[in-house]
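The values are calculated or read from the model by the stated rules, or taken from the named source; none is laboratory data. These figures come from a predicted structure and were not determined experimentally. We place every Cβ from the backbone using ideal geometry, glycine too, and count neighbours over all the protein chains shown.
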Amino acid sequence: MKKFPKLTILGMMSGTSLDGLDLALCEFWKEEERFHYQILKSETFSYPPLLAQQLKELYFESALFLCHIEVEFSNFAAICVNQFLQTTDDTPDYLSFHGHTVFHQPEKGLTKQIGSGAILAARTGIPTICDFRTTDVALGGQGAPLVPIGDALLFPQYAGCLNLGGISNISKYDMKMDNAHTSSGKARLNPTAYDISLCNIPLNYLASQCGFPFDENGTLAQKGTLILELLEELNKPDYFNIGSGKKSIGYEFFANYYKPLLDNFPTTIENKLRTMCEHITIQISQNLKNMTSVLVTGGGAKNRFLISLIKEKTDTNIIIPDTQIIDFKEALIFAFLGYLRVLEVNNCLKSVTGASKDSRGGAIYL
């Protein structure tokens, strides 16, 4: 029988919306056929303005510049870890680092998350797990989303989990299966999960043109007017007609279509934000059908206007958890992916990504 000892793992998450580097120090263990967790400490480290700008524009830069920024980004992450651990008596057994996604084109066998496990391990003295996506892509999968196994095993009480980060994504489950296995979490390892649409990437981009890092509570969007012509263009990409499951998007989706459209459409920033919120919530609501409840996390969960639009468009019970789970659920789950990787348990599901088989994603640097 597989043993699941208690381990302490520091999960590290850098999302596409560039809100900061999230750190969550977590304990994991298994008891009575259920996985359990405790977040011991969490903190978000803001990026230095220059590094944030470089990461935002990295998609357009040369390969050599990307290598330079990867070193700078990894050194920054190591500094954050060392500073974070100075204020706690708990020492992690491992670091589990998502890295920062620059390119994601799985249809071409390509995904790139910068973040050097070698640098982190060397500068912190802690074994580091990174590069979670490339094995799945090599097996023909999307390499995303990776969180569904964590959603299934750590949050079995919900019908699904919706993350409103730079990109909105969802994990959802068969409720008949849930009712039969709520106590154990068994049979929940065949979820449907995928990226729905862009979310905070375009919202933050538009808010920045008004001098704000993000549109707090959707205040700017609420002042705007819905522009139907723009809404029609936002809903036009073929991606939204693919159906559910085994699909993912990256920053390219914004850079190649949405950014030029938003830049060139003749209306106010407030109107663009209002219309973008409508587009996002239309796409999300269409993917909440037949779901009794959904746990909502990520920065968008704090956008009251965005949440109100979702609630208007669906009968699903929208559950907003406490602030720590909103802000650090992805860091928690990447810590959990690291936990499974260390114990040599599959942490990437073919049912989600479309790969030829389940796999153990993550390279370990000692």
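Of the residues that make up segment 296-314, is at least one among the polar types (S, T, N, Q), surrounded by fewer than 16 Cβ atoms within 10 Å (Cβ to Cβ) and under 24 Å from Phe35 (Cα atoms)? No, segment 296-314 has no match at all. Would you be able to say whether some residue in segment 258-266 is at pLDDT 95 or above, more than 30 Å from Lys108 (Cβ to Cβ) and more than 22 Å from the chain's Cα centre (by Cα)? Looking for residues that are at pLDDT 95 or above, more than 30 Å from Lys108 (Cβ to Cβ) and more than 22 Å from the chain's Cα centre (by Cα), one finds at least one in segment 258-266, hence yes. Just wondering, is there one or more residues in segment 252-260 that are surrounded by fewer than 15 Cβ atoms within 10 Å (Cβ to Cβ), touching a Phe, Trp or Tyr at 6+ places or on another chain (Cβ under 8 Å) and not basic (Lys, Arg)? Yes, segment 252-260 contains at least one residue that is surrounded by fewer than 15 Cβ atoms within 10 Å (Cβ to Cβ), touching a Phe, Trp or Tyr at 6+ places or on another chain (Cβ under 8 Å) and not basic (Lys, Arg).
Residue-by-condition table, conditions (1) touching a Phe, Trp or Tyr at 6+ places or on another chain (Cβ under 9 Å); (2) at pLDDT below 95; (3) surrounded by fewer than 18 Cβ atoms within 10 Å (Cβ to Cβ):
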position	(1), (2), (3)
His98	yes, yes, no
Pro106	no, yes, no
Leu110	yes, yes, yes
Gln113	yes, yes, no
Gly117	yes, no, no
Ile126	yes, no, no
Ala144	yes, yes, no
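Out of everything in segment 117-151 that is of a type in the set (A, V, I, L, M, F, W, C) and in a helix (DSSP H, G or I), what residue ends up being farthest from Lys246 (Cα to Cα)?
Step one: filter segment 117-151 for residues of a type in the set (A, V, I, L, M, F, W, C), giving 118-122, 126, 129-130, 132, 137-139, 144, 146-147, 149.
Cutting the leftovers down to in a helix (DSSP H, G or I) gives us 118-122, 137-138, 149.
Details: Ala118: 31, Ile119: 33, Leu120: 32, Ala121: 33, Ala122: 36, Val137: 12, Ala138: 15, Ile149: 14 Å.
That would be Ala122.
Residues in segment 1-19 that are under 13 Å from the mean Cα position of the chain (by Cα), closer than 17 Å to Leu120 by Cβ and of a type outside the set (S, T, N, Q): 3 in all.
Across segment 1-33, the qualifying residues are those that are among the small types (Gly, Ala, Ser) and at pLDDT 95 or above, and the one among them that is surrounded by the fewest Cβ atoms within 10 Å (Cβ to Cβ) is Ala24. For Ala138, the test of being under 22 Å from Leu340 (Cα atoms), in contact (Cβ under 8 Å) with a residue 12 or more places away in the chain and of a type in the set (Gly, Ala, Ser) is passed.
Helices (runs of 4 or more DSSP H) fully within segment 262-366 that include at least 2 residues being under 30 Å from Asp93 (Cβ atoms) and free of Cβ contacts under 8 Å to residues at least 40 places away in the same chain: 323-342. Looking at Glu57, Glu43, just one residue is within 21 Å of the chain's Cα centre (by Cα) and either in a loop (DSSP other than H, G, I, E, B) or under 17 Å from Leu120 (Cβ atoms) (or both), and that residue is Glu43.
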